[in-house]
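Below: one structure, written as structure tokens.
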Amino acid sequence: MADRSGSASSSGGTGGEVISLQGLTKRFPGQRENAVDSLDLEIPAGEIVVLVGPSGCGKTTTMRMINRLIEPTSGKIVIGGEDVTKINSDQLRRRIGYVIQQVGLFPHMTIADNIAVVPRLLNWNKPRISERVDELLELVGLDAGAYRGRYPKELSGGQQQRVGVARALAVDPPVMLMDEPFGAIDPITRDRLQNEFLRLQETIRKTIVFVTHDIHEAIKLGDRIAILDKGSRPAQYDTPEQILAHPANDFVVDFIGPGASVRSLGLTNLADIELDKIPVVELADSIDKARALLARAKQDRAVIVDGDRRPRGWRRAADLEQGMSSGGGPLAILRRSQTVHDALNELLRTGDTIAAIVDSDGRYEGALRLETIMGLTAHADAARAPVKDAQPVAAQRGDAG
């Protein structure tokens, strides 16, 4: 994963701040046990920390205590060195961006007005608000001219969620809280929003506390993951790589479930692996040249590219008589910025065994065979072993650095 540990955003705005939860406890009236039981957790500046665990473990309660939508029974919440349990809760919330699953846009207000809610509360002037609205819409991938005057009902669920993120960023807060923000969106849109969110975080570098019930989402998005047991007790708090390779105990193993080696593929970018070599033939090449190329390479398939080296399909040696104007079936194409897990999904979708890998301009760079992916999963399985005597891993203050 990219390093997001910087304290300032590359765009010149406010970066993230360290969040320190110290002995944080919540007991609701009438309950015999604490919903959150003396939680110590250090969340580094500029990172995405995902809270995940079984239903009722206290992950959402923990997150809501950070901006004091729920008041803690005891303990401290320190943000940027300041104990925020001692300041006005309304003022605190204006310093923290908050994104929820249902988005929560005001239906009677335009998109621009929804984004401008907190800046207006802070008495920003109209030109400054208008400039910020346009800047944020562009940042989340929505054309300001096309969307600022629309109403929420005129947007898709994915577009509304982008507006929700823009609104949370309106006053450039150092901290963002996200409570299952992509949970109510269809899988394809959800995957795209997750990718956009990671791209956005590379620019804004906020400290983000992200709650989800989905371990796959946690692995994809988190710089660190806190797997919480009952009472928000961290069973393990570490990087996704370490959790998948070295689960701390049986609870973590059971929560991750089967397929950890496949999930680990989502942590490996295609840019980080050696690609397979497949013969390359241009559309303008003759059939004889293509046949000779395949014979020299001792392979039965070539990738067909156009004059700009953009892949157009595959051709097997036995099919060369049909010419090279089209490929031999659906073509899996992925960019080097995508993951090996993305490549596996695309191969399963197309039913093929080889994917074409392209650069940011769509030019062919190499191939990835299904056998290569299987080799990576076998390597991950061999390396994976529970650390039976491990502590809850970096759950204590000072261990998360």
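The values are calculated or read from the model by the stated rules, or taken from the named source; none is laboratory data. No experiment lies behind these values; they were computed from the predicted model shown. Every residue, glycine among them, receives a Cβ derived from its backbone with ideal geometry; neighbour counts consider all protein chains shown. These accessible areas exclude ligands, DNA and RNA; they are computed on the full protein's heavy atoms, side chains included. Shrake-Rupley method; radii C 1.70, N 1.55, O 1.52, S 1.80 Å.
When the residues of the range 337-375 are filtered to those that are open to solvent by less than 40 Å² (accessible area, probe 1.4 Å) and part of a loop (DSSP other than H, G, I, E, B), the one that is farthest from Leu283 (Cα to Cα) is Asp352. Residues of the range 9-22 that are open to solvent by 20 Å² or more (accessible area, probe 1.4 Å) and either under 23 Å from Leu41 (Cα atoms) or at pLDDT 95 or above (or both): Thr14, Glu17, Val18, Gln22. Of the helices (runs of 4 or more DSSP H) lying entirely inside the range 145-258, those carrying at least 1 residues that are without any contact (Cβ under 8 Å) to a residue 24 or more places away in the chain and surrounded by fewer than 22 Cβ atoms within 10 Å (Cβ to Cβ) are 157-168, 187-204, 250-256. Tallying residues that are touching a residue at least 40 places away in the same chain (Cβ under 8 Å), closer than 30 Å to Glu241 by Cα and not in a helix (DSSP H, G or I) within the range 269-305 yields 5.
Can you tell me which of Arg93, Arg68 is closer than 23 Å to Phe182 by Cα, open to solvent by 50 Å² or more (accessible area, probe 1.4 Å) and touching a residue at least 24 places away in the same chain (Cβ under 8 Å)?
Details: Arg68 fails: open to solvent by 50 Å² or more (accessible area, probe 1.4 Å).
Testing whether each residue is closer than 23 Å to Phe182 by Cα, open to solvent by 50 Å² or more (accessible area, probe 1.4 Å) and touching a residue at least 24 places away in the same chain (Cβ under 8 Å) leaves just Arg93.
Within the range 61-114, the residues that satisfy the criterion of being touching a Leu at 6+ places or on another chain (Cβ under 7 Å) and in a loop (DSSP other than H, G, I, E, B) are Asn67, Arg68, Pro72, Arg94. Residue-level check: of (1) farther than 27 Å from Lys220 by Cα; (2) modelled with pLDDT under 85; (3) surrounded by 14 or more Cβ atoms within 10 Å (Cβ to Cβ); (4) touching a helix residue (DSSP H, G or I) at 6+ places or on another chain (Cβ under 7 Å), Ser261 misses just (1). Among the residues of the range 31-61, none is identified as aliphatic (A, V, I, L, M) and surrounded by fewer than 19 Cβ atoms within 10 Å (Cβ to Cβ). The one condition from (1) touching a residue at least 40 places away in the same chain (Cβ under 8 Å); (2) in a helix (DSSP H, G or I); (3) more than 20 Å from Glu17 (Cβ to Cβ); (4) open to solvent by 20 Å² or more (accessible area, probe 1.4 Å) that Val118 does not meet is (3).
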